[in-house]
Every structure is written in structure tokens, then in C-alpha cells.
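Before any comments, here is the structure.
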Amino acid sequence: MSKPRLVYIVTDSISTRLLRGQLRHLVEDGFDVTVICSPGPELERAVREEGVRAVPVAMKRPIRPIRDLFSLVALFLALWKVRPHIVNAGTPKAALLGMIASWILRVPVRIYIVRGLRGETATGLTRRILGWTERISSFCATHILFVSKSLREVYLELGLGPARKAVVLLEGSSKGVDVERFRARRSGSRRRASSGPRWGSRRMPRWSASSAGSPGTRGRTTWWRRFCGWRRSSPKRT
């Protein structure tokens, strides 16, 4: 049986840093993973270290209608060749173009991951345009995944997308925390960590990994299969 085809789309290659560890684990779990973004050294690094395939497509972060149209066509062609079961698009421009292209191709699962709202700091016409781009992205997506509950609340208050699509995994996270990186090696360090770091006389909060995308966590892609509702069948075009 063929592997489920999963495509990640981000605007700039530097944003692939947000996907480190998660990409590798998904490959090891049996997914055929492809990353689409602007060409750059970080994309090449993802291919070497994460074991994914890469398709470079030039995209610009600023609003550039003509260039964006060319990027949309290039994304459409790239997705048409891969024929993914799942598309996960994050960062504003990649999400807009990626969701439109995957919607046209009727990709079964289209996930728009929201890590922030660029329009919150914009004013005037730019704010209006960014608001409509968010609405288009959310319309084309089958799921809108937020990295925090507060971000989801703001998104819905602004009327940028429907609540039925809006999802926060557990307490929210971009991809979770690799707890092995922070595991104490000495018993003294473990005792200090268990009591929590201090700043002056006030105890600082302790953090725990709460997202299922983190390396070193059991069953970390079970949520992905359930969340996406993926079925082992080729995507149908309509």
C-alpha cells in the first residue's frame, strides 16, 4: 500500500526551522513528506537532516499581486505533480496561496496552521486586505489549527473564519517540545529542575510538552491521523 502523501508549505526557507524534528518523525512513521517553500539553505538542510523531498517555489512575504499570481501557478503545478492526501500550510503568504491551490485541486485534507495574525499590526487598506486574505485561507481550508487558545479566540472575534473549523491541540503549541533536549544529566541538576527555576524570591513556572508533534513523545502521530481523518486512498479530483 502506498504511503500517505503529506505536503508542508511555508513562505521562506528559514521557516522550515519550525518543522525540525516533526518532519523527520513523520517520515519515520511512514509518511511521504514534501516541503514546498522559497529556495534557500534552510530548505537544503531540511532535505539532508529530515529526509524529506523539497520543491522550491519562489514566494514573497510582501503583497505583490503579479508575483503572487506566478507563485500560485507554480504551487498549483507542484501540488498537481505530488497529488497529496494532506496539505499543511503556515505563514500568511504560503497559507493563502497553498490553501487556494489545494482547494482547486480538491486535496482531501487542507490544514491552515495559524501562528499569529499579521493584520493585527497593520492599519488602513493593508489591514483590510490582510483580513480578506485570512478569510480566503480559512474558507479554502478543511481545518484551521491554532497554536494557542487565545489566538483562536481573537481570530473568531474578528470574524476571520468559522468556529467549526477552528482547532487547538491540547493546550496549544507550534510543534511541541523535545523534552530529551532538556533532560538533566546529573542528579543535582534534576533536583534543581524539579523544584523549578527561581528569579529572586519568586518561583518561575514549569513547562511541559503538551503537543503531540514533539520528538520523544509516545504516540505522537496518532493525533495527526485522527485529526486529519486520513484514509489510505488516492485523493479524488472533482
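For the range 54-71, state whether one or more residues are among the hydrophobic types (A, V, I, L, M, F, W, C), within 18 Å of the chain's Cα centre (by Cα), modelled with pLDDT of 95 or more and in a helix (DSSP H, G or I).
No: zero hits.
Could you tell me which of the residues I129, I113 is in a strand (DSSP E or B) and within 30 Å of L77 (Cβ to Cβ)? Can you show your working first?
Details: I129 fails: in a strand (DSSP E or B).
When all the criteria are applied, what remains is I113.
For the range 65-83, how many residues meet the condition of being in contact with a strand residue (DSSP E or B) (Cβ under 7 Å, 6 or more places away or on another chain) and either over 10 Å from I36 (Cβ atoms) or among the basic types (K, R) (or both)?
1
Would you check which residues across the range 36-51 are among the β-branched types (V, I, T) and modelled with pLDDT under 95 and list them? Steps first, answer last, please.
From the range 36-51, those among the β-branched types (V, I, T) are 36, 47; that's our starting set.
The answer is V47, and nothing else.
Any idea which residue in the range 17-35 is surrounded by the fewest Cβ atoms within 10 Å (Cβ to Cβ), counting only those that are at pLDDT below 90 and under 12 Å from the mean Cα position of the chain (by Cα)? Show your work before the answer.
Filtering the range 17-35 for residues at pLDDT below 90 gives 17-22, 25.
Of the ones still in play, those that are also under 12 Å from the mean Cα position of the chain (by Cα) are 17-20, 22.
On the way: R17: 11, L18: 15, L19: 24, R20: 16, Q22: 25.
The selected residue is R17.
Scan the range 154-165 and tell me whether some residue there is touching a residue at least 40 places away in the same chain (Cβ under 8 Å), outside any loop (DSSP other than H, G, I, E, B), touching a Lys or Arg at 6+ places or on another chain (Cβ under 8 Å) and closer than 22 Å to I100 by Cβ.
Scanning the range 154-165 turns up no residue that is touching a residue at least 40 places away in the same chain (Cβ under 8 Å), outside any loop (DSSP other than H, G, I, E, B), touching a Lys or Arg at 6+ places or on another chain (Cβ under 8 Å) and closer than 22 Å to I100 by Cβ.
The values are calculated or read from the model by the stated rules, or taken from the named source; none is laboratory data. Here the structure is a predicted model, which is why all the values come from computation and not from measurement. So basically every Cβ, Gly included, is an ideal-geometry build from the backbone, and we count neighbours across all protein chains shown.
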